[in-house]
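The values are calculated or read from the model by the stated rules, or taken from the named source; none is laboratory data. If you're wondering where the values come from, they're calculated on a predicted model, not measured in any experiment. All Cβ positions, glycine included, derive from the backbone under ideal geometry; neighbour counts span all protein chains shown.
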Amino acid sequence: MGLFRRRQEKQMTEKNEINNNTLKEELMNKALQLLVEGQDYDQLDQTTCEFGYLFDIEGHGLEALFKITTDKGIAYFAAQKESLMRIDFNEELFETTTETFLSLHQS
């Protein structure tokens, strides 16, 4: 019974925002400002963004992991609380971290 109650409490305090396009666009735009023209990209025309996860956790703030693919490569980003940072990841770590986070935070 205690485990069930904790699971209910966790569900009430975490909101999966993966379908919140406005929030995703805001994070992506902030991340694009961290990229360096000539080093990270030459043109942004074909740039894509993929989110591994995006949660709003009550009393904590955002938790997100995403990547931006440019004409020169892939840049990985994490949002935690009120911070957005570029992180040194590779594709395997991105996928593993996403899977682990989602397994811990979704019912």
Considering region 26-58 alone, what residues qualify as being of a type in the set (S, T, N, Q) and part of a loop (DSSP other than H, G, I, E, B)?
-> Q33, Q39, Q43, Q46, T47
Could you please give the count of residues in region 59-96 that are touching a strand residue (DSSP E or B) at 6+ places or on another chain (Cβ under 6 Å), among the β-branched types (V, I, T) and either surrounded by fewer than 12 Cβ atoms within 10 Å (Cβ to Cβ) or assigned to a helix (DSSP H, G or I) (or both)?
-> 0
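Residue-wise test of (1) modelled with pLDDT of 95 or more; (2) at positive phi.
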site	(1), (2)
F55	yes, no
G59	no, yes
A79	yes, no
E82	no, no
Of the numbered conditions (1) in a strand (DSSP E or B); (2) surrounded by fewer than 17 Cβ atoms within 10 Å (Cβ to Cβ); (3) hydroxyl-bearing (S, T, Y), T100 satisfies every one except a single condition; which is it?
-> (1)
Of the numbered conditions (1) closer than 15 Å to Q106 by Cα; (2) among the basic types (K, R); (3) at pLDDT 95 or above, R7 fails exactly one; give the number of that condition.
-> (3)
Regarding L23, is this residue among the aliphatic types (A, V, I, L, M) and either surrounded by 14 or more Cβ atoms within 10 Å (Cβ to Cβ) or assigned to a strand (DSSP E or B) (or both)?
-> yes
Which members of region 63-88 meet the condition of being among the hydrophobic types (A, V, I, L, M, F, W, C), in contact (Cβ under 8 Å) with a residue 24 or more places away in the chain and over 12 Å from L34 (Cα atoms)?
-> A64, L65, F66, A79
